[in-house]
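Q: Following this message is one structure expressed as C-alpha cells.
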C-alpha cells in the first residue's frame, strides 16, 4: 500500500489515477453526508455532541454551509497546488501572491463605505471578488517582462502588493467606528457562518468550471517543474499555459474568498501533504487536492461550529490552529528523507 | 538529406547587451556539430536561439523550414530536442517519470504512457545507462546520473535533431565517451546533433564539424582538427591546442 500511495517508485497509470480519485470521492461524499448531521445540543445535562436524523430541519440549515466548505476548500487547495507548480515555489499560495490581501482590502473598504446598505448581503462578497481580480491584474502588470511572467517577479510583486494591501486595511480599520471594525475583523478571520444556499449555487458554477479547466493543465504543470525553457522544448506553449493557470487559480481564490473570507493554510498544507502521499504528478495531485481541500475545510468548519457551541469559532482560525502543527509534522517527516524539494 | 537548421546573419541581444553578432551557419542531416569556445562566448545562447528559446534581434533562424521562436511548440518539439546546461526539477519525480516527460509532444489528453511511450523511455534509458535507476527519485541522484537521465529525456522525445548544451558535464570519462559514441551512432543513422562542449578531445574524435565561438561571433568553422589547430582557436583560448595521433591512428587534442 505504501509504495502504491507514496508514488515513490511508481509512475502514474490509469488504474492508479482511478483509485486515487475514487478514494477521494468516497471519503468526500461520506463526510459530506455525515457533517450536517453533527451539531451540539444544549440541554439539562449541559452541552453534548448530537447526531440528528436526515429528516431533521437542522440538516437543511446546515447543508449550505457544508456545500460552501467543500467548494471553498477545493478551490483554495487546487489553486495552491497549481500556483506551487507554476511558480516552482513551495511557499506559493493565494496569500503569498497578494490575492487574499487584495480582496480583504476591498472587503474592508466595502464595510467602511457601507456597501452592504446599497447591495445587501452580496456587497462584501462582490467587493472581495473585485479585489481579488484587481490584485491579480496588478500583480501580472507589475511582474510582466515582455511576453513572460517570470515566477520570481510574480512572487516579488505579490508580496509587495500584499504588504501594501495589509497596511491599507489597517489604516481603514484605524479610521472606522467600533461596529465596523468588529465586522471587518470577523470577515478577515474567514468564516462560513452566514452562507446561504443561493450564494453557494452562484459560486458553484465558476468554481466548478475553473476546477475542470485547471485539472486539464496537469501535464503542462509537470513539464513546467523543469523550468520554462525545458517545458517549451518539450512542446508546452509556456506563455499560454502560465497565463491560463494564473487566471484560473486567481478566479478560484477570488470566488472562494468572496464566499468564505480569507481562509488560510488550506492552499499550502493540502497539496504538500498529498504530494508526500501520492507523488508529484499533477494529473493526480490536482484532482486529489480538490477533494483533500474540500475534506479538510469541511472537518475544520464542523469543528468551528461545534467545539465552543452555541458560539462559533472563525473557520480560518481552526484551519490555522490545526494546519500549522500538521504542516510542521509533514516538514519534519520530509526532512528525514534528506530533502523536500531537492537536495538539502 | 538537406539543410535542417539555418542561421543567417543572426544577432541576439540579452538585456540590451549584444551576445551574438552576425552568425551565419547551417546544420545538415546526419551532421554532428560540436560548438567550442571560452566561457561567456555565446555558445549557450546560440543553441537556445536554434531551439527557439532566444529571439534574434536581427537575421533569420530556420529549423526544418520554420522560425522556431514563433512556430507551434509541439511541432518544434517533435523535430528538436534541447538539453539545457542547467536542469533543476522542482518536485521529487522518479527517473522514469522524468524521462517520460520527453513524450509530451507526442501525447494527447491525460498523457498516460502508452506501450509506445514506455518502449521509447526504456530504449532511451538503456542507451544512457540509467535503466537501473528508473524507480529512483531524480532529486536523490548524483550530478552525473541526473545528467544522463535528462539526456535520456531528450532522446525519448524522438526528435530528428538534438541540441545539447554541455551534455557530458559531471560525467565520468567512460560515460562521457559513451555519450559522444551514442550521438555519433544516431547521426550516422540520419539524425543530427549540435553539442556544446568543453571537452576538446571528445569533440575532435566524434564531431564532424566544429564551430568556434568567441566574443559572440562564429570565428572558425570546419573539420575539428583544422579548427583546433587554427590561429583563431589559439587566440580564443589564449592557449595552444596540440592535436596529435596515437599509435592506433586515433586523433587526440590536449592543451599544449
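Q: May I ask you to say which residue of A:40, A:108, A:130, A:118 is modelled with pLDDT of 85 or more and either crowded, with 19+ Cβ neighbours inside 10 Å or out of contact with any helix residue (DSSP H, G or I) (no Cβ under 7 Å at 6 or more places or on another chain) (or both)? Even if it seems obvious, please write down each step before you answer.
A: Details: A:40 fails: modelled with pLDDT of 85 or more; A:130 fails: either crowded, with 19+ Cβ neighbours inside 10 Å or out of contact with any helix residue (DSSP H, G or I) (no Cβ under 7 Å at 6 or more places or on another chain) (or both); A:118 fails: modelled with pLDDT of 85 or more.
After applying the criteria, what remains is A:108.
Q: Going by what's in this entry, would residue A:180 be described as in a helix (DSSP H, G or I), at pLDDT 90 or above and surrounded by fewer than 21 Cβ atoms within 10 Å (Cβ to Cβ)?
A: Values: in a helix (DSSP H, G or I): yes; at pLDDT 90 or above: no; surrounded by fewer than 21 Cβ atoms within 10 Å (Cβ to Cβ): yes.
No, not satisfied.
Q: Filter the range A:211-231 down to residues that are touching a strand residue (DSSP E or B) at 6+ places or on another chain (Cβ under 8 Å) and within 8 Å of another protein chain (Cβ to nearest Cβ) and give me whichever is nearest to residue B:67 (Cα to Cα).
A: Step one: of the range A:211-231, the residues touching a strand residue (DSSP E or B) at 6+ places or on another chain (Cβ under 8 Å) are A:228-230.
From what is left, the residues that are within 8 Å of another protein chain (Cβ to nearest Cβ) are A:229-230.
Details: A:229: 17, A:230: 18 Å.
Per the stated criteria, the residue is A:229.
Q: Same structure again: With respect to residue A:156, is the statement that it is modelled with pLDDT of 85 or more and within 30 Å of residue B:111 (Cβ to Cβ) true?
A: Details: modelled with pLDDT of 85 or more: yes; within 30 Å of residue B:111 (Cβ to Cβ): no.
It is false that residue A:156 is modelled with pLDDT of 85 or more and within 30 Å of residue B:111 (Cβ to Cβ).
Q: Hey, can you tell me all the residues within the range B:72-87 that are part of a strand (DSSP E or B) and either more than 8 Å from chain A (Cβ to nearest Cβ) or out of contact with any helix residue (DSSP H, G or I) (no Cβ under 8 Å at 6 or more places or on another chain) (or both)?
A: Taking the range B:72-87 as the starting set, the residues that turn out to be part of a strand (DSSP E or B) are B:80-83.
Residue satisfying the conditions is B:83 alone.
Q: Which one of these is surrounded by fewer than 24 Cβ atoms within 10 Å (Cβ to Cβ) and either within 16 Å of residue A:252 (Cβ to Cβ) or within 17 Å of the chain's Cα centre (by Cα) (or both): A:285, A:322, A:277, A:303?
A: Details: A:285 fails: surrounded by fewer than 24 Cβ atoms within 10 Å (Cβ to Cβ); A:277 fails: either within 16 Å of residue A:252 (Cβ to Cβ) or within 17 Å of the chain's Cα centre (by Cα) (or both); A:303 fails: either within 16 Å of residue A:252 (Cβ to Cβ) or within 17 Å of the chain's Cα centre (by Cα) (or both).
Just one listed residue meets the conditions, A:322.
Q: Still on this model: Determine which single condition residue A:317 fails, assuming it passes every other condition in (1) modelled with pLDDT of 90 or more; (2) surrounded by fewer than 24 Cβ atoms within 10 Å (Cβ to Cβ); (3) away from chain B (no Cβ under 14 Å).
A: (1) is the only condition that residue A:317 fails.
Q: Only one of B:69, B:121, B:90 is at pLDDT 95 or above and either in a loop (DSSP other than H, G, I, E, B) or more than 7 Å from every other protein chain (Cβ to nearest Cβ) (or both); which? Reasoning before the result, please.
A: Working: B:69 fails: at pLDDT 95 or above; B:90 fails: at pLDDT 95 or above.
Criteria check complete, one pass: B:121.
Q: Suppose we filter the range B:149-175 for residues that are under 26 Å from residue B:41 (Cβ atoms) and in a helix (DSSP H, G or I); how many remain?
A: Residues meeting the conditions: 5.
Q: In this structure, is residue B:95 more than 19 Å from the chain's Cα centre (by Cα), within 11 Å of another protein chain (Cβ to nearest Cβ), surrounded by 15 or more Cβ atoms within 10 Å (Cβ to Cβ) and at pLDDT 95 or above?
A: Numbers: more than 19 Å from the chain's Cα centre (by Cα): yes; within 11 Å of another protein chain (Cβ to nearest Cβ): yes; surrounded by 15 or more Cβ atoms within 10 Å (Cβ to Cβ): yes; at pLDDT 95 or above: yes.
Against the criterion (more than 19 Å from the chain's Cα centre (by Cα), within 11 Å of another protein chain (Cβ to nearest Cβ), surrounded by 15 or more Cβ atoms within 10 Å (Cβ to Cβ) and at pLDDT 95 or above), residue B:95 qualifies.
Q: Just checking, does the range A:258-271 include any residue being within 14 Å of chain B (Cβ to nearest Cβ), assigned to a helix (DSSP H, G or I), under 18 Å from the mean Cα position of the chain (by Cα) and crowded, with 24+ Cβ neighbours inside 10 Å? If you could, list the steps in order and put the result at the bottom.
A: Of the range A:258-271, the ones within 14 Å of chain B (Cβ to nearest Cβ) are A:271.
Within this subset, residues satisfying the condition of being assigned to a helix (DSSP H, G or I) are A:271.
Adding the requirement that they be under 18 Å from the mean Cα position of the chain (by Cα) leaves A:271.
Narrowing the set further to residues that are crowded, with 24+ Cβ neighbours inside 10 Å leaves A:271.
Yes.
Q: What is the residue count in the range A:297-315 for residues that are under 17 Å from residue A:264 (Cα atoms) and either touching a residue at least 12 places away in the same chain (Cβ under 8 Å) or in a helix (DSSP H, G or I) (or both)?
A: Filtering the range A:297-315 for residues under 17 Å from residue A:264 (Cα atoms) gives A:297-304, A:313-315.
Filter once more, keeping what is either touching a residue at least 12 places away in the same chain (Cβ under 8 Å) or in a helix (DSSP H, G or I) (or both): A:297-304, A:314-315.
Count: 10.
Q: If the requirement is being surrounded by fewer than 24 Cβ atoms within 10 Å (Cβ to Cβ), modelled with pLDDT of 75 or more and closer than 22 Å to residue A:304 by Cβ, which of these qualifies: A:56, A:77?
A: On the way: A:77 fails: surrounded by fewer than 24 Cβ atoms within 10 Å (Cβ to Cβ).
The unique qualifying residue is A:56.
Q: Kindly check whether there is at least one residue in the range B:221-229 that is touching a residue at least 12 places away in the same chain (Cβ under 8 Å) and farther than 30 Å from residue B:160 by Cα.
A: For the range B:221-229, residues touching a residue at least 12 places away in the same chain (Cβ under 8 Å) and farther than 30 Å from residue B:160 by Cα: present.
Q: Continuing with the same structure: Pairs please, first residue from the range A:9-22 and within 7 Å of chain B (Cβ to nearest Cβ), second anywhere and part of a loop (DSSP other than H, G, I, E, B), Cβ atoms under 7 Å, 6+ apart in sequence or on different chains.
A: A:9/B:135; A:11/B:113; A:12/A:281; A:12/B:112; A:13/B:112; A:14/B:112
Q: Exactly one condition in (1) over 26 Å from residue A:113 (Cα atoms); (2) out of contact with any helix residue (DSSP H, G or I) (no Cβ under 9 Å at 6 or more places or on another chain) is false for residue A:178; which is it?
A: Checking residue A:178 against (1) over 26 Å from residue A:113 (Cα atoms); (2) out of contact with any helix residue (DSSP H, G or I) (no Cβ under 9 Å at 6 or more places or on another chain), the one that fails is (1).
Q: For the range B:176-195, does any single residue satisfy the condition of being within 23 Å of residue B:20 (Cβ to Cβ) and assigned to a helix (DSSP H, G or I)? I'd like the intermediate steps shown before the answer.
A: Step one: list which residues in the range B:176-195 are within 23 Å of residue B:20 (Cβ to Cβ), which gives B:192-195.
Restricting the remaining residues to those that are assigned to a helix (DSSP H, G or I) gives none.
Within the range B:176-195, not a single residue is within 23 Å of residue B:20 (Cβ to Cβ) and assigned to a helix (DSSP H, G or I).
Q: Do any helices (runs of 4 or more DSSP H) lying entirely in the range A:66-169 carry at least 2 residues that are within 15 Å of the chain's Cα centre (by Cα), and which ones are they? Quick ask: steps written out before the conclusion?
A: Details: elements: A:99-112, A:115-119, A:122-143.
Of the helices (runs of 4 or more DSSP H) lying wholly inside the range A:66-169, those with at least 2 residues that are within 15 Å of the chain's Cα centre (by Cα) span A:99-112, A:122-143.
Q: Need the failing condition index for residue A:208 against (1) crowded, with 16+ Cβ neighbours inside 10 Å; (2) more than 8 Å from chain B (Cβ to nearest Cβ), just the number.
A: (1)
Q: Taking the options A:252, A:234, A:192, name whichever one is surrounded by 23 or more Cβ atoms within 10 Å (Cβ to Cβ) and either within 14 Å of another protein chain (Cβ to nearest Cβ) or on the phi > 0 side of the Ramachandran plot (or both). Steps first, please.
A: Numbers: A:252 fails: either within 14 Å of another protein chain (Cβ to nearest Cβ) or on the phi > 0 side of the Ramachandran plot (or both); A:192 fails: either within 14 Å of another protein chain (Cβ to nearest Cβ) or on the phi > 0 side of the Ramachandran plot (or both).
Every option except A:234 fails the conditions.
The values are calculated or read from the model by the stated rules, or taken from the named source; none is laboratory data. The shown structure was predicted, so the numbers you read here are calculated from the model rather than taken from an experiment. Because the Cβ atoms are built from the backbone with ideal geometry, glycine has one as well, and the counts that use them run over all protein chains shown.
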